[in-house]
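This report refers to the structure that appears directly beneath it.
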Amino acid sequence: MKSYKDFAINTKLTLLVLLAGGVALLMSCIAFVTNDMNMIRSSMVKQMSTLADVLGANSTAALSFDDPNTASELLASLQQQPAVEFACIYDASGHAFASYHRLRSVSPPLPMPAQHGYEFTDEGYLDVARPIDHAGQSIGTIYLHASMDELRDQMLRYVNIVAAVMIVSLGASILLSSRLQRVISVPILKLADAAERISVERDYAIRVTKSANDELGTLYDQFNAMLDQIQQGEAAVQQAHDELEIKIEQRTAQLSRANTELSREISERLRAELELEAVHQQLMTSARRAGMAEMATGVLHNVGNVLNSINVSATLASDRMRQSKVTDLIRATQMIESHAEDLGAFITSDPKGKQLPGFLSLLAAHLADERADVVKELELLSTKINHVKTIVSTQQSYAGVLGVIETVDIATTLDDALKLNSASFDRHQIAVARQYEDIPKVRLDKQKVLQILVNLVKNAKDAITDGPHQKERKLTLRTTLSGEKSLQIYIIDNGMGIPPENLTRIFSHGFTTKKKGHGFGLHSCANAASELGGSLVAKSDGPGKGATFILELPFEPAEVPA
Amino acid sequence: MTIIRRIANARRVSERRWRLWACVLLVCGVMGHPRSGIAQQNYDEPVINREYPLKALFLYNFGGYVEWPAAAFSTSQDPFVIGVLGSAPVDETLKEISASRKIGGRKIVVRRFSSVDGIETCHILFIARDVAPQQQLAAINRFQNYHVLIVGESPGFAERGGSVNFFVEANKIRFEINIDTAKQHQLKISAKLLSLAKIVQGS
């Protein structure tokens, strides 16, 4: 069931007219009928009252002279009044005096009504009771019982009339309103049609033509004005759209240009990065070389130290040989040769000759001593040469290819670093403390780690030797595990220390406080540490208070044999 | 009456209508209305016993249906006089009526006459049947030219010059009227009254 709201507008209008007209008609009909019914009722009351009065007046004599027959005859005249079904005359004492039954139905004589007047009973009767007066005396009462059939018939007639009138007038108003409602519905439907066409075709150029100057006319004007606005708006939007499109194109072009530039820049940057990479590689190489040089310097230094000793030993041997008593032997032998023929005499007689055997035996003893000394010196020389050999061979063992991950024992590596500098420690009386935690073997780039450590150890040694004179020169090496996969190596010296402002600068390229430094050692150490994925940090409480270098290295734990 | 009451009591009928009827009947009996005797079909109590009270009532009622000329009264204060000739026992009833009612706005006065000569001016003269016919005629003649309604209760009374004459018919008291005599007395008798009466002509 469609609700009233969803009905078409002309149906609504027709219904509206019908409803309004119908209700108005019905109400006026009801009013008229009610009024009429009331009038009929009151006229019936009046009629019956009059009838009762007339009958009463006519029956006074009959009452006065106790003549019920005459009274009955009088009442019999009610035959002319079909509405009256029963009538009764009561005497002054309330007894039924005479009665009349229209139909000979056996209705018992009713008791006299309690009061005069009229009453419409529930059964549809009108009961009228009037007093019968004579000469100022109430001598009885007349009672009429009239059916309201007439009223009912009238009512029925009215209902029929009203129904007929309603049907006819509603039919007429349907015809009329279906014609007249077009005055309102047609413009609205036209408007709705236009609106639908506009929304379907999206043609905002459509206009509606008004047919009247009423509110609908105004609505049409407004509609048209709205369409104007929409059209303008549409045009504006279209324009904006076009402009936007152009702008987008421009922007796209710009963007693609920028994109091209950007890609060019990117490729340039890539090239630059490649170059940078190459430079870095070169730098790395040179750093490595520098590291190697550092190492070589260390090695050569050590070797030089040993060579000094060798030189001393050689000089000693050569001096010894130069001061050798061999010349005395030569003079003795020449004396023997010149006295070859009289050798015996010479030895026995000649004063000189007599001393010769003693001299020779002395010389022999002396030469024997000499030989022992030289041999001793030569043995020393040989030992020192062996030392050099050891240094060189250690160096050679680290001169392998960089970037090889090996299974490394950190303690051994630290010892190796120390060994490469050992000569200096002895010479400068530097005590080395080794505080190694029990660290399992790890996998690391051993060459790089060693390179860093050698540099750091040498740096510490230099700090100690260049620093203030101390009772106890001390270098501490300490290892500790800082995590599951990282370890820390502390190189602690009590040397000259680092002023706070230099704590970071010391790692920059070219920074040095040494007279002969080139400012590359710590820099390459830091680089190497970061290449290994670790870090190198310097700490110091200030000048003269020593320094601590902490090398943190991540590692791959070596597979522990089960 | 007692029977009814007894029946009513015995049956202990509580129905309202019944009690109402019983009450009505009781009242009838007490008041001694003539109809009550008929209604009860009580043959022990003949209607004749009620004859004179009824006739008295009728006499009073004639006052309402007969119009006397103005000359019948000398002043407006004059009473309406009902005279009775003969021994008819109507006095009691008439006195009862005259105590409470009036005729034409006048007090009712009942006068009893013993002889025709003693009759004074009156408006209704009732001549009882025990009065001798000659006396009756004398009385009629005496008031020939007076505005008097002469009422009798003897056969042929109206024909002999009376205006109204009572008679009993079907156990009811009826009356006949001689319009001519009434006219002679300048009395106008109401059509209503005439409609109840048996009209007779003078002989």
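What follows draws every value from the coordinates through simple rules; no lab data is involved. Remember, it's a predicted structure, so these values are computed and weren't measured experimentally. Cβ: placed from backbone, ideal geometry, glycine included. Neighbour counts: every protein chain shown.
Please work out how much length the chain gains when fully extended from A:E249 to A:A225, using 0.36 nm per residue of separation minus the C-alpha to C-alpha distance, in nm with one decimal. Write down the numbers at each step before the final one.
Values: separation 24, 0.36 × 24 = 8.64 nm, distance 3.52 nm.
That pair, A:E249 and A:A225, stretches by 5.1 nm at full extension.
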### Message
From the phi angles alone, apply the Karplus equation (6.51, -1.76, 1.60; θ = phi - 60°) to segment B:145-161 and give each ³J(HN,Hα) in whole Hz, x where the residue is Gly or Pro.
### Response
9, 9, 8, 10, 8, 9, 10, x, 9, 10, x, x, 4, 5, 5, 8, x
#### Entry: Within the protein assembly as shown, percent of DSSP bridges classed antiparallel, to nearest 5
70
### Summary
Of the convex hull drawn through the C-alpha atoms of the protein assembly as shown, the volume per residue in Å³ is 554
### Task
Would you mind checking which residues have amide H under 5 Å from A:G497's amide H? H placed 1.01 Å from N; only 5 or more apart, or other chain.
A:G544, A:K545, A:G546, A:A547
### Message
With θ taken as phi - 60° and the coefficients 6.51, -1.76 and 1.60, list the Karplus ³J(HN,Hα) couplings across segment B:102-107 in order, rounded to whole Hz; mark glycine and proline as x.
### Response
10, 10, x, x, 10, 5
### Task
Among B:A158, B:Y65, B:H147, pick out the residue whose Cα is farthest towards the positive end of the charge dipole of segment B:48-200, where Lys and Arg carry +1 and Asp and Glu carry -1 on C-beta, about the Cα centre.
B:Y65
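So how much slack lies between A:M321 and A:Y490, counting 0.36 nm per residue of separation and subtracting their Cα-Cα distance, in nm? If you can, show how the numbers build up before the last one.
Numbers: separation 169, 0.36 × 169 = 60.84 nm, distance 5.15 nm.
My answer for the length gained is 55.7 nm.
Test of understanding: what is the full-extension gain from A:R207 to A:D373, defined as 0.36 nm times their sequence separation minus their Cα-Cα distance?
Working: separation 166, 0.36 × 166 = 59.76 nm, distance 13.51 nm.
Gain on extension, A:R207 to A:D373, equals 46.3 nm.
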#### Entry: Under the Karplus curve 6.51 cos²θ - 1.76 cosθ + 1.60, θ = phi - 60°, whole-Hz ³J(HN,Hα) for segment A:240-249, x wherever Gly or Pro sits
4, 4, 4, 4, 4, 4, 4, 4, 4, 4
### Query
Where the Cα atoms of segment A:324-394 are projected onto their three principal axes, how long is each span, largest first, in whole Å?
67, 17, 12
### Query
What is the dipole size for chain A, taken about its Cα centre, with +1 at each Lys and Arg Cβ and -1 at each Asp and Glu Cβ, in debye to the nearest 20?
3400
### Task
Quick one: dipole size for segment A:9-92, taken about the Cα centre, charges +1 on Lys/Arg Cβ and -1 on Asp/Glu Cβ, in debye to the nearest 20.
820
### Query
Using alpha-carbon positions, what is the distance between the centroids of segment A:344-391 and segment A:55-126, in Å?
200
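Rounded to the nearest 500 deg cm²/dmol, what is the calculated helix-only ellipticity per residue at 222 nm for the protein assembly as shown, with -39500 (n - 2.57) per DSSP H run of length n ≥ 4? Present the calculation step by step, with values, prior to reporting the outcome.
Details: 21 runs with 419 residues, N = 765.
Value at 222 nm, helices only: -19000 deg cm²/dmol.
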### Query
Taking +1 at the Cβ of each Lys and Arg and -1 at the Cβ of each Asp and Glu, which of A:S349, A:T209, A:L189 sits farthest along the dipole of chain A towards its positive end, judged by Cα position relative to the Cα centre?
A:S349
### Message
Using +1 at the C-beta of Lys and Arg and -1 at the C-beta of Asp and Glu, which of A:T34, B:A170, A:V326 has the Cα lying farthest in the positive direction of the dipole of the protein assembly as shown?
### Response
B:A170
### In degrees, nearest ten, helix A:149-180 long axis to first principal axis of chain A (Cα)
50
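Of the peptides B:194-201, A:265-272, A:172-179, how do they stack up when ordered by the mean number of other Cβ atoms within 10 Å, highest first? Spell out each step's value before the answer.
Working: B:194-201: 16.1, A:265-272: 11.0, A:172-179: 14.1.
Descending packing order for the listed peptides: B:194-201, A:172-179, A:265-272.
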### Query
What shape does segment B:48-200 take by its C-alpha gyration tensor, where a ≥ b ≥ c are the square roots of the eigenvalues and a/c under 1.5 counts as rounded, a/b above b/c as prolate, and the rest as oblate?
rounded
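Explain nothing, just the number: dipole magnitude of segment B:48-200 about its Cα centre with +1 on each Lys and Arg Cβ and -1 on each Asp and Glu Cβ, in debye rounded to the nearest 20. Don't skip to the answer; put the middle values down first.
Numbers: 18 positive and 14 negative charges, 74 e Å.
The calculation lands at about 360 debye.
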### Query
Taking only Cα atoms, what is the 0 to 90° angle, nearest 10, from helix A:521-531's long axis to the longest principal axis of chain A?
40
### Query
Per 10 Å bin, what percent of the C-alpha pairs of segment A:361-493 does each bin hold, from zero upward?
10, 31, 26, 15, 8, 6, 2, 0
### Message
Compute the helix-to-body angle for A:410-420: its Cα long axis versus the longest principal axis of chain A, expressed 0 to 90° and rounded to tens.
### Response
40
